[in-house]
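The values are calculated or read from the model by the stated rules, or taken from the named source; none is laboratory data. Being a predicted model, the structure only gives us computed values, none of them experimental. Using ideal geometry, Cβ is built from the backbone for each residue, glycine included, and neighbour counts are taken over all protein chains shown. Surface accessibility is based on the protein's heavy atoms, side chains included, excluding ligands, DNA and RNA. Shrake-Rupley method; radii C 1.70, N 1.55, O 1.52, S 1.80 Å.
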Amino acid sequence: MSVQIKPSQAGTLESSDILIMLAPAEPGTGISIELVSPTIHQFGDQIKKVITDTLQANGIKDILVHANDKGAWDYAVEARVKTAILRAIS
Amino acid sequence: MKKDKLRRAMMFVPGNNPNMLQNSGIYGADSLIFDLEDTVSIPEKDSAPYLVAGVIKHVKFPCEVGVRINHLSTPWGRTDLETVLPSKPDFIRLPKAESAEEIKMIDEIISEVEYKCGFEPGSIELMAAIESPKGLRNAYEIATASPRMMGIAIGGEDFSTSLKTGKSLSGRELFVARSMVVFAAREADVFALDSVFSDIRDEETFTQEVIQAKEMGFDGKSCVNPKQVEIIYKIFTPSQKEIDHAHRVLEAYNEALEKKHGVISMNGKMIDAPMIIRAERVLANATAAGVYKREE
């Protein structure tokens with residue numbers, strides 16, 4: 001069963017951070033990620049993978065994600081997604 | 001207390017800023033304290049523990065890394081611990097400590113996580129900040145409440161506020177409290193750390209405060225800016241003059257031992273036991289700071 005969520009956001013637009021915004025999606029539509037990043041060509045796939053892995057690890061299957069990256073490392077992406085999830089389900 | 005360990009500068013780093021967190025190792029502080037308390041705004045209290053846990057787990061730092069949690073009486077203290085402990089910080093710093101019971105509660109939580117995560121029992125240390133008259137009255141009990149306790153610090157801003165005054169440039173309102181924290185730390189054989197000085201532009205007053213801290217017996221000082229680390233090191237690292245003097249004292253002592261002289265003197269001045277202890281401490285600190293190498 002997919003987790004019920006409401007719109008949420010976490011993170012900032014400061015250097016080395018990422019702003020994650022989550023919005024509910026229709027059941028069965030999956031995880032959809034819109035990513036803005038200055039390093040999208042080098043690290044875009046990796047950032048999307050961290051976002052997807054973190055969402056799935058927390059039981060989220062259907063969601064819209066807007067991510068505005070400012071050079072965040074993997075740990076920061078994961079932390080911001082975790083916080084956004086926490087805020088979305090609380 | 002570990003004799004080969006230095007904690008001259010313990011630098012606070014705001015816990016909700018990835019840029020500051022991941023780059024904080026380059027400034028050479030003996031210890032980093034990733035802060036979840038005063039530098040994290042209430043709306044971000046849920047976010048910072050994830051960042052801090054992540055950076056500890058994934059970034060290699062050249063020094064020990066601790067976490068200042070929110071007090072257990074707040075809505076965030078227990079979550080802070082549960083989130084950051086599995087990343088295995090070197091120590092936890094409790095703010096506003098007032099009793100041994102608080103330390104024992106945290107000790108138990110740490111023990112559970114160490115067991116669950118397979119960490120060596122007792123490998124995560126603890127320190128506490130004394131920031132109120134009640135905490136000061138219980139400073140020795142706090143410092144000895146757990147074998148994990150490695151240090152106590154005075155939190156000057158909160159302490160002076162609790163006295164119904166403010167933190168002055170001279171710091172005279174904190175003189176007794178600072179002394180009592182050093183007394184308790186020495187009796188408990190743990191580190192004694194002086195308070196932060198938050199005006200990073202005022203290097204002159206900061207320098208005076210560091211000199212005073214060293215003279216009073218503190219092992220080091222908490223700080224909030226990389227610029228302050230260098231000033232602390234200048235004062236807390238033994239100078240060449242101090243090293244040379246300590247060396248001569250110990251040479252004179254060893255020579256007298258060999259010759260079985262009852263009274264030891266150097267340059268006409270008697271050397272007694274406290275001078276020898278001080279000389280040994282200077283050389284131990286100089287060795288730990290990397291400015292002196294003992295002859296084999």
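Just one residue in the set B:D35, B:D46 is among the acidic types (D, E) and more than 14 Å from chain A (Cβ to nearest Cβ); that residue is B:D35.
A:K6 satisfies every condition listed in (1) in contact with a helix residue (DSSP H, G or I) (Cβ under 7 Å, 6 or more places away or on another chain); (2) open to solvent by less than 70 Å² (accessible area, probe 1.4 Å); (3) more than 9 Å from chain B (Cβ to nearest Cβ) except (2). Do the conditions hold for B:A185, that is, is it of a type outside the set (S, T, N, Q) and surrounded by 24 or more Cβ atoms within 10 Å (Cβ to Cβ)? Yes. Considering only residues of region A:58-67 that are crowded, with 17+ Cβ neighbours inside 10 Å and within 13 Å of A:I47 (Cβ to Cβ), which is farthest from the other protein chains (Cβ to nearest Cβ)? Only one residue fits best here, namely A:V65. Answer yes or no as to whether A:E78 is out of contact with any strand residue (DSSP E or B) (no Cβ under 9 Å at 6 or more places or on another chain), within 14 Å of chain B (Cβ to nearest Cβ), open to solvent by less than 70 Å² (accessible area, probe 1.4 Å) and of a type in the set (D, E). Against the criterion (out of contact with any strand residue (DSSP E or B) (no Cβ under 9 Å at 6 or more places or on another chain), within 14 Å of chain B (Cβ to nearest Cβ), open to solvent by less than 70 Å² (accessible area, probe 1.4 Å) and of a type in the set (D, E)), A:E78 qualifies.
Farther than 26 Å from B:S179 by Cα and either hydrophobic (A, V, I, L, M, F, W, C) or free of Cβ contacts under 8 Å to residues at least 40 places away in the same chain (or both) - does that describe any residue in region B:203-212? No, region B:203-212 contains no residue that is farther than 26 Å from B:S179 by Cα and either hydrophobic (A, V, I, L, M, F, W, C) or free of Cβ contacts under 8 Å to residues at least 40 places away in the same chain (or both). Annotation: B:D107 fulfils all but one of (1) touching a residue at least 40 places away in the same chain (Cβ under 8 Å); (2) in contact with a helix residue (DSSP H, G or I) (Cβ under 7 Å, 6 or more places away or on another chain); (3) farther than 23 Å from B:D30 by Cα; the unmet one is (2). Residues in region A:7-50 that are within 16 Å of B:S47 (Cβ to Cβ) and part of a strand (DSSP E or B): A:S8, A:Q9, A:A10, A:I18, A:L19, A:I20, A:M21, A:L22.
Mind listing whichever residues of region B:54-79 are of a type outside the set (A, V, I, L, M, F, W, C), open to solvent by 20 Å² or more (accessible area, probe 1.4 Å) and farther than 15 Å from B:S31 by Cα?
Applying the first criterion (of a type outside the set (A, V, I, L, M, F, W, C)) to region B:54-79 yields B:54, B:57-58, B:60, B:62, B:64, B:66, B:68, B:70-71, B:73-75, B:77-79.
Cutting the leftovers down to open to solvent by 20 Å² or more (accessible area, probe 1.4 Å) gives us B:57-58, B:60, B:62, B:68, B:71, B:73-75, B:78-79.
If the condition is that a residue be of a type outside the set (A, V, I, L, M, F, W, C), open to solvent by 20 Å² or more (accessible area, probe 1.4 Å) and farther than 15 Å from B:S31 by Cα, then B:K57, B:H58, B:H71, B:S73, B:T74, B:P75, B:R78, B:T79 are the ones that fit.
Filtered by the rule that a residue be closer than 21 Å to B:Q208 by Cβ and in a helix (DSSP H, G or I), region B:151-179 gives B:G156, B:E157, B:F159, B:S160, B:R172, B:E173, B:L174, B:F175, B:V176, B:A177, B:R178, B:S179. Here B:E101 clears all of (1) out of contact with any strand residue (DSSP E or B) (no Cβ under 8 Å at 6 or more places or on another chain); (2) open to solvent by less than 10 Å² (accessible area, probe 1.4 Å); (3) more than 14 Å from every other protein chain (Cβ to nearest Cβ) except the condition numbered (2).
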